[in-house]
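Data block below; observations after.
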Amino acid sequence: MDHPSRRLAERLEQRLGDPNDERRPFSLAAALRLDASDEFPAAPCRELDAVGLSDYYVPARHGGRLRSFEELMTTLRVAARRDLTTALVHHATFLGAAPVWIGGAPETAARLAGRVRDGDVVAFAVTEADHGSDLLAGTTCATATAGGYRLDGEKWLINNATRSRLVCVLARTDPAGGARGFSLFLVDKQELADGEYACLPAVRTVGVRGADISGIRFTGAEVPRAALIGDLGAGLEITLKSFQLTRTLCAGFTLGAADRGLRLAMARAERLGQTGQPDVRRVLAEAYADLLTAETVGLLAVRSAHTLPDELSVTAAVTKHLVPMLGDGLLGALGRLGGGWVDGPDQDVFEKVERDHRIIGIFDGSSAVNLASLVNQFGFLSRAYRRGVAGGVAGGVLAGAELSTPVPDFEPDRLELVSRNGSSVLNHLPAALDRLTRRAGPGSELSRRAAQLRSAVDEVHDAMGAHRPTPRDVPATAFALAERYALCFAAAACVQVWLANPAAADGWLEGVLGRLVQRLGAPSQDDPGSAVDRLFPLLERQYREHLLFSPFPARLAEGSA
């Protein structure tokens, strides 16, 4: 099957070259050397600049190459399978620029577009040391002056806070705070006077050791009125909508890390003659099933930013919780495979991948933050599912799932903080399961999985409907229910994508649904793990043919020399 993101992946792979070639600046060996000395990956970042990755951080309407967030996720995946640290620090510019693409004036967006395409780094300064993810507690303030605003305060744990020239800053503009008490400002550090800002020391981290994770302090920093992004008081709303985009795109980091980890594990199993051992094959196949699930969720999520943007508050929360969790789980299982790894470069690379990936579930909204967002929307989600509300099913869900269909232009004005129509992906699942059963045939394995899934999804939505919101101290059972909802969404995404793309790799849905119904605890007369085991030949073929691990594989640079 051919589609634009696959072609893009293959072009970037060839441009960046074989990551096993130690002569290349963006090789696995170079990443290890930089990691060992906590050195910023300057040379790999220059490689990403050279292949034009920064152009994908700028929407096409502002002169860039960003037409589909699917393509942007693909660029992150290709970079992350070489080095997650480099992918993270380079991508941070999109995170910093996203508020301008969503809420900035056209002239502000035009100026920023030119700067980003010229290679200027942008940081997003939101969090503070004393308040963490509680954005409403932030104390950095912006006070109106005759010529603009004066910034005072400190932002901390910011990606590229020191390296960046431009910083998007969330600041309190109403002393009383509240939802309309914060605004966003695009600050050019080079335009500030001496003493108006200071960069804070870098934070030592377990993973992504070379990244510039630091902070910035403003002391009477004078910025012009044109620095304001959007309306005064709209800062929190624009920030949360920006996170909806960036949280879906985080799937690209997990997909790249998981691809590298599984590729290393396959190489190790072959080297040790373990690929014929049932227990080893099961672990490898389960990791592959989880990677395919993560990819399918990620694909539908980033395409939904175009086709169902008003539901992205749900889709982004599910994606940001579930995909990194799957990545951490599969990397952990692969790390324990066969009693540990043999000393050598492969072990060092694997350990770095596993260490680096742990930050994906934490930054840009932790799992707890995203699960809480789902809990807050339980009422909307349950009622919409029971009513069969599937806003834009024909256009939204199907256009999002059918990868050969170009997505419409992104419309930031359609983003909402709460999805009042729930999730069309799940609202439409009963009809999709009917189609799946008809296509697979009664009594088939897929038909049995469809029945199990329908029962589990109904049960989850019934429990969500029975949940009674509490203003404080959300019970642990609500978080557990939100986790099950995310698994239901993943299964629904896999069904929708499978139905919409009949030319995809054979047999992947049986294994993925078998794994998901296991996780959901659905009762079964057979062993769902047997379907997972049958994924191993597909995994092995993609490994040996140097293809991306995917239902929609692209050719990699490995073995192309």
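At R0 = 56 Å, how high is the FRET efficiency between Ala480 and Ala146 if r is their beta carbon distance? Nearest 0.05 is fine.
Numbers: r = 54 Å, r/R0 = 0.97.
So, using R0 = 56 Å, E works out to roughly 0.55.
Considering only Cα-Cα distances, which of the following residue pairs are longer than 23 Å: Lys320/Lys352; Lys189/Lys352; Lys155/Lys189; Lys241/Lys320? Don't jump to the answer; show the numbers that get you there.
Details: Lys320/Lys352 21 Å; Lys189/Lys352 33 Å; Lys155/Lys189 14 Å; Lys241/Lys320 14 Å.
Correct reply: Lys189/Lys352.
Near the amide H of Ile213, under 5 Å away, which other amide H atoms are found, from residues 5 or more places off or on another chain, if H is placed in the peptide plane?
Under 5 Å from the amide H of Ile213: Asn160, Val203.
Residue by residue through the range 439-455, which ³J(HN,Hα) values in whole Hz follow from phi under the Karplus form 6.51 cos²θ - 1.76 cosθ + 1.60 (θ = phi - 60°), with glycine and proline marked x?
Result, ordered by residue: 5, 6, x, x, x, 6, 4, 5, 5, 5, 5, 4, 5, 4, 5, 4, 5 Hz.
Explain nothing, just compute: Karplus ³J(HN,Hα) = 6.51 cos²θ - 1.76 cosθ + 1.60, θ = phi - 60°, for every residue of the range 280-285 in order, whole Hz, x for Gly and Pro.
5, 4, 5, 4, 5, 5
Counting only other residues whose beta carbon sits under 12 Å from that of Leu72, what net charge do I get with K and R as +1, D and E as -1? Intermediate values should be presented prior to the final figure.
Values: positive: Arg65, Arg67, Arg77, Arg303; negative: Asp55, Glu70, Glu71.
Once all neighbours under 12 Å are counted, the net charge is +1.
With a probe of 1.4 Å, find how much accessible area the chain has per residue, and write the answer as a whole number in Å².
Working: 20800 Å² over 561 residues.
With the other protein chains kept in place, the chain gives 37 Å² per residue.
Normalised by the number of residues in the chain, what is the relative contact order in percent for Cα pairs under 8 Å and 6+ residues apart? Mind showing how you got there, number by number?
Working: 1044 pairs, mean separation 87.8, N = 561.
Value for the chain: 16 percent.
Starting from the residue with the highest accessible area, list Trp101, Trp498 in decreasing order, probe 1.4 Å.
Details: Trp101 15, Trp498 50 Å².
From most accessible down to least: Trp498, Trp101.
By the gyration tensor of its Cα atoms, with a ≥ b ≥ c the square roots of the eigenvalues, what is the shape of the chain: rounded for a/c under 1.5, prolate for a/b over b/c, or oblate? Numbers along the way, then the final one.
Working: a/c = 1.81, a/b = 1.28, b/c = 1.42.
Oblate, since a/c reaches 1.5 and b/c is not below a/b.
Is the range 400-443 rounded, prolate or oblate when judged by the Cα gyration tensor, a ≥ b ≥ c being the square roots of its eigenvalues, rounded requiring a/c under 1.5 and prolate requiring a/b larger than b/c? Before the final figure, lay out the partial values.
Values: a/c = 6.42, a/b = 1.77, b/c = 3.62.
Because a/c hits 1.5 or more and a/b fails to exceed b/c, the range 400-443 counts as oblate.
Output ³J(HN,Hα) for the range 396-405: one whole-Hz value per residue in order, computed from phi by the Karplus curve 6.51 cos²θ - 1.76 cosθ + 1.60 with θ = phi - 60°, and x for Gly and Pro.
Result, rounded to whole Hz: x, 5, 5, 5, x, 7, 7, 5, 7, 8.
Classify the range 256-303 as rounded, prolate or oblate from the Cα gyration tensor: take a ≥ b ≥ c as the square roots of its eigenvalues, call it rounded if a/c is under 1.5, otherwise prolate when a/b beats b/c and oblate if not. List each step's numbers first, then the result.
Working: a/c = 5.36, a/b = 2.23, b/c = 2.40.
Verdict is oblate for the range 256-303.
Ignoring ligands, DNA and RNA, what percent of the 1.4 Å accessible area of the chain is carbon and sulfur? Write down the numbers at each step before the final one.
On the way: 10610 of 20800 Å².
Whole-percent figure for carbon plus sulfur exposure: 51.
The values are calculated or read from the model by the stated rules, or taken from the named source; none is laboratory data. Only a predicted model underlies this, so the values are computations on that prediction, with no experimental measurement involved. For neighbour counting, all protein chains shown are included, and Cβ atoms are generated from backbone atoms with ideal geometry for every residue, glycine included. SASA here: full protein model, heavy atoms, side chains in, ligands and nucleic acids out. Shrake-Rupley method; radii C 1.70, N 1.55, O 1.52, S 1.80 Å.
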